[in-house]
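Nothing in this text is a laboratory measurement; each read-out follows from the coordinates by a stated rule. Please read these numbers as outputs of a predicted model, since none were measured by experiment. Glycine also receives a Cβ, built like all others from the backbone with ideal geometry; neighbour counts cover every protein chain displayed.
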Amino acid sequence: MWTTSILVLHCFATLVLAGGSGGKNRTLNQLAVQQGLHYFGSASDNLSGSWDDEPYVDILLKSHEFGQITPANAMKWGLVETQRGVYNYTGGDQLVKAGKKAGMVVRGHALVWHSQLPDYVGTITDAATLHSVTFAHIKDEVKHFKGELIAWDVVNEVFEDTGGMRETIFYNLLGEGYIAEAFRAAHAIDKHAKLYLNDYNLEFADAKWETAVSFVQGLVDSGVPIHAVGFQGHLLVGQVPTVETLVKALSAFTDMGLEVAFTEVDIRMEMPFTDDKLAQQAKDYQTVVEACLAVPKCVGITVWDFSDKYSWIPGVFPTQGAALPWDENMQKKPAYGGIVAGLT
Ligand code: G3I
């Protein structure tokens, strides 16, 4: 009698705490947490006008679908420090405040990236100046957001697509040593943020991934404070690696003692979309989710925005799109069901 009452009470409390009603109506984040992930998150560009779109904001900040938010642009160097030494963190601050109010944790993105740099960085031709501006930038931004972020993408996209180090202005002028130094500089200021190396196309366990594995192993062996590798997960419908390949790709890093996460997932298709393509996309999302759940130190999954209305894809790949789990009218697509299937 007592045992039954306690059991019923326990089940009720569990459901209330999970914010759900027995499984069916649980949000992506609630399902993810139930499966042991730290979060299911979304990127959002609060500077793009999307935050004036009420139905969009309702899903992002009020639906509890997401437990983590990443600024798609607001914390990038080219936006926070347009003039050398002059910092403007308004966009990042807005996102942190709104995310926290909505009960979400926040990932920082991205400290050093060869894209979206301020103009003055591109004109630098000597190592001393580049070193000075790079580390001043890292230190100022990490200090500003200290205590607010669960993670920082310290370096972004440092590997060439075919393997080897990407020949960015940083690599060419400073050599690859700037990467270890960037992790050390960030860690010296914020001891709690998990520091990520973040890149795309590591999912295929091919030449690019091999470069990443040996480079990251070198950092770990040298005692560099790198804590994690971010798999961006910008993928194509019908061309997503198998769960086995994804698990192999992720595990190479977790075997080194690091955590991993899918940090920027979207799965695009040639337009127009069809029911068949959307059904395949649902399976592809499920594959990504299953792979993360199969790797104990895969801590979370972030979609690179959640609605096709605000996806970066059509701007860069004009014949492609429909990459996200919600459509342009903020309606859930089959991909949403694929994620739920992966999480249950
Ligand atoms: O800020 C200007 C604005 O003043 C102007 O009116 C507007 C007109 O197009 O452009 C605005 O800049 C845009 C910026 O986003 C902010 O909205 C750029 O044109 C646009 O190219 C830029 O795109 C971003 C892209 O990174 C840049 O490479 C995307 O929103 C962002 O989602 C995307 O995110 C990257 C990750 O950081 C790294 N991994 C790949 C991922 C997708 O490319």
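General remarks:
- Sites Glu176 and Ala294, calculated FRET efficiency, Cβ-Cβ separation with R0 30 Å, nearest 0.05: 0.40
- Label-point gap, in nm, between Asn25 and Thr274 - each point 7 angstrom along Cα→Cβ: 3.8
- Contour minus Cα-Cα distance for Ala341 and Asp126 (0.36 nm per residue): 72.2 nm
- Cut-off 17 Å, label 7 Å out along Cα→Cβ of Asp255, residues of the range 274-316 by amide N: 294-298
- Across the range 53-191, the volume of the C-alpha convex hull divided among the residues equals 125 Å³ per residue.
- Screening the chain for DSSP H helices whose Cα atoms reach 15 Å or more along their own axis and whose mean Kyte hydropathy is at least 0.5 gives 2-18, 177-189, 243-254.
- Under a Gaussian network description of the chain, with springs only between Cα atoms under 10 Å, the residue in Ile169, Ile226, Ile301 that fluctuates furthest is Ile169.
- The simple Förster model, with R0 at 22 Å and r as the Cβ-Cβ distance, assigns Arg166 and Thr319 a FRET efficiency of 0.25.
- Among Pro241, Pro272, Pro314, residue whose mean-square fluctuation peaks in a GNM of the chain (springs only between Cα atoms under 10 Å): Pro272
- q = 0.11, 0.20, 0.29 Å⁻¹, the range 263-324: log10 I(q)/I(0) [Debye, one scatterer per Cα]: -0.27, -0.79, -1.23
- Residue with peak Gaussian network fluctuation, the chain [Cα springs, cutoff 10 Å], from Leu219, Leu111, Leu28: Leu219
- Spread over its residues, the convex hull of the C-alpha atoms of the range 236-344 is 95 Å³ per residue.
- Diffusion coefficient of the chain by Stokes-Einstein, Kirkwood radius over Cα pairs, 10 °C, 1.306 mPa s: 77 µm²/s.
- A simple charge model with +1 on the Cβ of Lys and Arg, -1 on the Cβ of Asp and Glu and nothing else charged puts the dipole of the chain at about 1140 debye relative to its Cα centre.
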